[in-house]
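All remarks here apply to the structure that follows.
The values are calculated or read from the model by the stated rules, or taken from the named source; none is laboratory data. As the structure is a prediction and not an experimental result, all values here were calculated from the model. We place every Cβ from the backbone using ideal geometry, glycine too, and count neighbours over all the protein chains shown. What goes into the accessible areas is simple: the full protein's heavy atoms, side chains included, and nothing from ligands, DNA or RNA. Shrake-Rupley method; radii C 1.70, N 1.55, O 1.52, S 1.80 Å.
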Amino acid sequence: MSPAVSPAVPPRHMDSVLDILDALESPALGGSPGTAVALGRGLGVCSTPGCRAVLGEPFGTPERPPALTPGQWQLLTELLHHDPATPELGVVLAPDGSTVALGPLLAGIEAGLRSGGFGRPLPTLDPPADPLLAVTIAEALGTSFLLAQGGDNATVLGPGGCWDDVENPQNYTLRGPPSPVPDPVAIGAMDGVVLGARLAQGPLPMPELLRGYYGTRNGSEAGRFPSSYRRRDFGALAGQGRLEKEVAAVLGLLRTLSPTSELLRDVGTQEVAAVAHRAAQEFSERYVECPAITPRCLWGARPYRGIPAPLRPPLDSVFLHHTLEPARPCRTFGACARAMRDMQRFHQDTRGWDDIGYSFVVGSDGYLYEGRGWHWVGAHTKGYNTQGFGIGIVGDFTATLPDPDTLALVRDELLPCAVRSGHVRPDFTLRGHRQLGHTDCPGNALFQEIQSWPGFQ
């Protein structure tokens, strides 16, 4: 067969973006720092009225730099061309398994660089607003909740989506009607805030900044990537109160701009305050206080066999397990996804169950992995599967504990979130698997630990 004539477009993975940045910004390859930010603006990053008021108008449409192959240029132009109707085209898969929209990420990086004294100074906004939050999340959030006013069940946040192939990601499909803030936009915005704040303290070459944050696809087993802490780090920079203030400020700015002044013409000050409050509260609950859940499609789940039985929430109980096999905690997306596939294969083929037994599985990479999920009866705690959710932590915790971050993920994030979202009763009981069956699960060390947790009986 003769090779295809069309340019070889690299996969939509953060590694491909890093290769492009190396070519654009590395002086050794004839590039220069700041090139990517300028290109991003010319290709359509920051095309909303509020963002342009902060970062300014772009300088014309750029041509392909000689450092990039036609395929790389095609990928970059597709990723950075902003079209609200097709938000899924502007996203890449990161090494930690999250999907990141590049638009808000690059806007945050530019705002951070410029507030740190690199490039043109940022304008003084009236009313005063934080440029970094304005260009990443505050405008999108304010607009989304404003447009949803009075709409019946209008989607204001989400949804997430699925890649066709995590090894060679080419197509991302949202799992429902998109809001102005689908999950990848929220994630890209949070990363833009975290990295923009870092750059405001002093410039750093972009490839170095992003590699340090996201790692690479074949990440080491040594530790978690900084990107897996984005919820914690964003929350520290822009907690709910700060976010509410900035959404209100940006809505004030949009009153003075065309065409958004029309959208806000009949919206009073109290209504703006109410929109900002609701937007900040719902965003914080979904993306800061609740842990990220990796959907079945991303870890490569086989289909459920048979017909799943629905759960009737809120449930009374949460049952904690350790997986025993694999015995070592998984610390990367690749290792945790493999562990999920192995467990599902064992549960379906050896045990003869319809699916992986757990409701959710917790990796030491900072993520929950969806098993049966919130809605379907599991096969985790014989005799009690309809009464509670089964949470398994990857590893053997007979003699050692999961790391403190993993324990905190379950105790301080997952359990309160399950209550707030109505899946579990506020007066739920937490038990180790051994309290309800003949088993050592969840291991002596872990069972000892959970006896001090809220809800344990």
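Got a sec? Which of THR155, THR136 is crowded, with 24+ Cβ neighbours inside 10 Å, of a type in the set (Ser, Thr, Tyr), out of contact with any Phe, Trp or Tyr (no Cβ under 7 Å at 6 or more places or on another chain) and closer than 23 Å to GLU285 by Cα? Every option except THR136 fails the conditions. When you check LEU125 against the structure, is it surrounded by fewer than 19 Cβ atoms within 10 Å (Cβ to Cβ) and either touching a residue at least 40 places away in the same chain (Cβ under 8 Å) or among the aromatic types (Phe, Trp, Tyr) (or both), yes or no? Taking the combined requirement at face value, the residue satisfies it. Scan segment 314-324 and give yes if some residue there is touching a Leu at 6+ places or on another chain (Cβ under 6 Å), open to solvent by less than 50 Å² (accessible area, probe 1.4 Å) and of a type in the set (A, V, I, L, M, F, W, C), otherwise no. Yes, there is a match, as at least one residue in segment 314-324 is touching a Leu at 6+ places or on another chain (Cβ under 6 Å), open to solvent by less than 50 Å² (accessible area, probe 1.4 Å) and of a type in the set (A, V, I, L, M, F, W, C). Of the residues making up segment 300-313, those that are closer than 30 Å to PRO169 by Cα and surrounded by 14 or more Cβ atoms within 10 Å (Cβ to Cβ) number 4.
Any residue at all in segment 89-100 that's touching a Phe, Trp or Tyr at 6+ places or on another chain (Cβ under 9 Å), of a type in the set (Asp, Glu) and over 15 Å from ALA38 (Cα atoms)? Spell out how you get there, then give the answer.
Here is the first cut: in segment 89-100, the ones touching a Phe, Trp or Tyr at 6+ places or on another chain (Cβ under 9 Å) are 89, 91-100.
Now drop any that are not of a type in the set (Asp, Glu), which leaves 96.
From what's left, over 15 Å from ALA38 (Cα atoms): 96.
Yes, because at least one residue in segment 89-100 is touching a Phe, Trp or Tyr at 6+ places or on another chain (Cβ under 9 Å), of a type in the set (Asp, Glu) and over 15 Å from ALA38 (Cα atoms).
Evaluated against (1) part of a loop (DSSP other than H, G, I, E, B); (2) open to solvent by less than 10 Å² (accessible area, probe 1.4 Å), GLN149 falls short on exactly one condition, (2). The C-beta contact set for segment 33-49 (first residue assigned by the TED database to the domain that holds HIS81 and over 12 Å from PHE59 (Cα atoms), second residue among the hydroxyl-bearing types (Ser, Thr, Tyr) and crowded, with 17+ Cβ neighbours inside 10 Å, distance under 7 angstrom, 6+ apart or interchain) comprises PRO49/THR260. Of everything listed in (1) closer than 20 Å to ARG198 by Cα; (2) in contact with a Gly (Cβ under 6 Å, 6 or more places away or on another chain); (3) part of a helix (DSSP H, G or I), the single unmet condition for VAL100 is (3).
Let's see how each residue does on (1) more than 27 Å from the chain's Cα centre (by Cα); (2) open to solvent by 20 Å² or more (accessible area, probe 1.4 Å); (3) at pLDDT 95 or above; (4) farther than 21 Å from LYS382 by Cα:
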| residue | (1), (2), (3), (4) |
| --- | --- |
| VAL394 | no, no, yes, no |
| ALA399 | yes, yes, yes, yes |
| ASP405 | no, yes, yes, yes |
| VAL410 | no, no, yes, yes |
| LEU414 | no, no, yes, yes |
| ASP427 | yes, yes, yes, yes |
| LEU430 | yes, no, yes, no |
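Does VAL275 count as within 28 Å of ASP233 (Cβ to Cβ), of a type in the set (Val, Ile, Thr) and touching a helix residue (DSSP H, G or I) at 6+ places or on another chain (Cβ under 6 Å)? When the stated conditions are applied, VAL275 passes them.
How about segment 180-191: which of its residues are in a loop (DSSP other than H, G, I, E, B) and crowded, with 24+ Cβ neighbours inside 10 Å?
Kept after step one, since they are in a loop (DSSP other than H, G, I, E, B), are these residues of segment 180-191: 180-182.
Residues satisfying the conditions are VAL181, PRO182.
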